[in-house]
Amino acid sequence: MRKHELKYQKTGYFSKLMCDYLEQKESLKSFYGNFPDLNGFKSQIALKKENFPVENRTVLVQDLTQQYQGFEVSETTKSNISSLLNENAFTIVTGHQLNLFTGPLYFLYKIVSTINLTKELKEKYPENDFVPVYWMATEDHDFDEINHFFYKGNKVSWNRKDGGAVGRFDTKGLEEVFSLLKTEMTSNRNAKYLQDLFEKAYLNHKTLADATRYMVNELFGEYGLVIVDGDRKNLKSLFVKTMQEDLINHTAFDKVSETNAELGKNYKIQVNPREINLFYLEENLRERIIEENGFYKINNSNLVFTKEAILEELNTNPEKFSPNVILRPVFQETILPNLCYIGGGGELAYWLELKSFFESQKLTFPILLLRNSGMIMTKKQYKKLENLNISIEEVFMKQDDLVNKKVKELSHPDLDFSDQIETLEKMFSEFEVLAEKTDSSFTGAVKAQKVKQLKGLKNLEKRLLKAQKKKLYDVVTRIQVLRGEMFPNQSLEERKRNMSEVIENFGPELIPILFENMKPLEQNFTILELE
């Protein structure tokens, strides 16, 4: 096995916002607190220790103990849960939807990043405990986003009716998915391992939340991962004050709107707040709460509350109130002694909108860390790259750009007209100066001629390149096929492939390999070359 690395900024697959964040650009510094380096964590530990209530730890540990009833729990996970009672114990959190069979491959990378960071922090600050947490997004209701995964390019879907919080869904209908997997997979030991995992998770558990807990616990329980389901009355009782604030004063809407006005000057806004950022949650129902004329209506239902009635409902049944994407991070940080949230670029983009709202609630804003990203290639694929004289950095170019670059490199005479274009531009710049000095009325004509000549030269380059591609058809095809294997649908592999396809090829030993090679604080894209 060999490891190759590339800065995220050089891959071309990360937003300007994320690249600027990684480079700690001045334009972003007001939108986050401590940066994810070892010194930043030292400051964060002191902040969270000072501001996290001891009583919240007690509620958390009691509820986690209940959540794990009926599941086999590793001694490491048990110890981690117990340690959360200690004021020197802190969490590192990643979150994800309850995607079928983990969904995209990067789900594994998120959790590996989280566990590896706790190990690194323990080495640096041994007087503290650091607990890796996977926050299950059990209250999401966008079923279309989670009801499938991709296996060998084919979409494997779970067909059932939508409605309500996905964690509460029963697992009926997943027998059909299991049958399909058994039909499509090979008969090797790796396929058998995956089939057993799927069957025990989804066919032996009644709800999607329980199935996901079982599966993730099987994959990562031995590493001490703690799995949290926030859809719990005891946990939401700790969040009543903030939810009331949202219902009555709309502080989140005001603060996040102000932040977005500033952030939006330089970057694309990921999410926008609503006046009320809560859903009302019942069996088969998760709908927005909307205030109209002093009444609180539950969207797409006949439920209506007066102000007094909805506050009474909140205090009596907090489990019926579900935070949206704006409030969920605040809920998480209220109930967990958390130092850091690890997520993808899109997730961190909306966290960057929230700092001023956290401050208004006197809540410590966590460190934000971009999760590890990676690609898994075979030695055979790497050899093909070498034969085509394609570097690791070049393979991340857009496919057409890569093909054009390699065709030009292989062409004689040279088909790259960059020098000629530069000479032409320089020549016309001199003409423009001459026109200004003699008769400025000719300046427009000179500029028009410049555009015409440059366009003609670029068109000629394109035509010659097209002709050369035909001559080098075999090379072009090899590049396109190889890059298609490595970037399914021209996207990063981690965003399309499911763990089943990769583990079937390389075995469950893949996970220890990921732990060995993914370093969360190094901020590198990891390419693993495996047998």
Near residue 192, which lysines are there with a Cα under 19 Å away, not counting those fewer than 8 places off in the same chain? 152, 182, 200
Residue 412-residue 5 FRET efficiency (beta carbon distance; Förster radius 56 Å; 0.05 resolution): 0.95
Residues of the stretch 348-390 with backbone N under 17 Å of the label point set 7 Å from the Cα of residue 27 along Cα→Cβ are 349-350, 352-353
The stretch 149-301: relative contact order from alpha carbon pairs under 8 Å, six or more residues apart, as a whole percent, is 20
Kindly count the pairs of lysines across the stretch 240-323 whose alpha carbons are less than 18 Å apart, treating pairs on different chains or eight or more residues apart as eligible. 8
Using helices alone, what [θ] at 222 nm do you get for the chain, with -39,500 (n - 2.57) per DSSP H run of 4 or more residues, divided over all residues and rounded to the nearest 500? -15000 deg cm²/dmol
Among 523, 498, 475, flag the residue with its Cα farthest along the positive direction of the charge dipole of the chain, charges on Cβ as +1 for Lys/Arg and -1 for Asp/Glu. 475
Could you size up the charge dipole of the chain around its Cα centre, putting +1 on the beta carbon of Lys and Arg and -1 on that of Asp and Glu, and report it in debye to the nearest 20? 1800
Among 267, 53, 305, which residue has its Cα positioned farthest towards the positive end of the charge dipole of the chain, with +1 placed on the Cβ of Lys and Arg, -1 on the Cβ of Asp and Glu, and the dipole taken about the Cα centre? 267
Hydropathy first: keep DSSP H helices in the chain averaging at least 1.6 on Kyte-Doolittle, then drop any whose Cα extent along the axis falls short of 24 Å, and list what survives. none
Treat the count of other C-beta atoms within 10 Å as a stand-in for reagent exposure and order 19, 340 from fewest to most. 19, 340
Separation between the residue 474 and residue 521 pseudo-spin-labels, each 7 Å from Cα along Cα→Cβ, expressed in nm? 5.1
Using amide H atoms built 1.01 Å from N in the peptide plane, name the residues 5+ places from residue 525, or on other chains, whose amide H lies under 5 Å from its own. 6, 7, 8
Unit-weight point scatterers at every alpha-carbon of the chain, Debye formula, q = 0.06, 0.07, 0.12 1/Å: log10 I(q)/I(0) is -0.37, -0.49, -1.18
Once the dipole of the stretch 240-323 is set up with Lys and Arg at +1 and Asp and Glu at -1 on Cβ about the Cα centre, which of 252, 295, 242 lies farthest towards its positive end? 252
Residue separation times 0.36 nm, minus the C-alpha to C-alpha distance between residue 509 and residue 393: what's the value? 39.0 nm
Quote the FRET efficiency, to the nearest 0.05, computed for residue 20 versus residue 378 with a Förster distance R0 of 45 Å and r equal to the Cβ-Cβ distance. 0.85
Cα centroids of the stretch 233-284 and the stretch 113-142: how far apart, whole angstrom? 24
Estimated dipole of the stretch 240-323 in Debye, rounded to 20 [Cβ of Lys and Arg +1, of Asp and Glu -1, Cα centre]: 360
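Between their Cα atoms, which of 122/233; 10/408; 110/236; 7/49; 7/496; 236/519 are more than 27 Å away from each other?
122/233; 7/49; 236/519
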Scanning the chain for trypsin sites (Lys or Arg not before Pro) in DSSP loops with at most 16 other Cβ atoms within 10 Å, what's the longest stretch left with none? 399-531
Phi angles of the stretch 156-164, converted by Karplus (6.51 cos²θ - 1.76 cosθ + 1.60, θ = phi - 60°) into ³J(HN,Hα) in whole Hz with x for Gly and Pro, give 9, 10, 9, 9, 7, 6, 7, x, x
Here the relative contact order (percent) of the chain, from C-alpha pairs under 8 Å and at least 6 apart, is 25
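Suppose R0 equals 25 Å. What FRET efficiency, 1/(1 + (r/R0)^6) with r the Cβ-Cβ distance, do residue 261 and residue 292 give to the nearest 0.05?
Efficiency, from the Cβ-Cβ distance: 0.45.
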Residue 127 versus residue 178: modelled label distance in nm, points set 7 Å from Cα along the beta carbon direction: 5.1
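No lab work stands behind these numbers, since they all come straight from the coordinates. The shown structure was predicted, so the numbers you read here are calculated from the model rather than taken from an experiment. Neighbour counts are summed over all protein chains in view; Cβ atoms, including those assigned to glycine, are modelled from backbone coordinates with ideal geometry.
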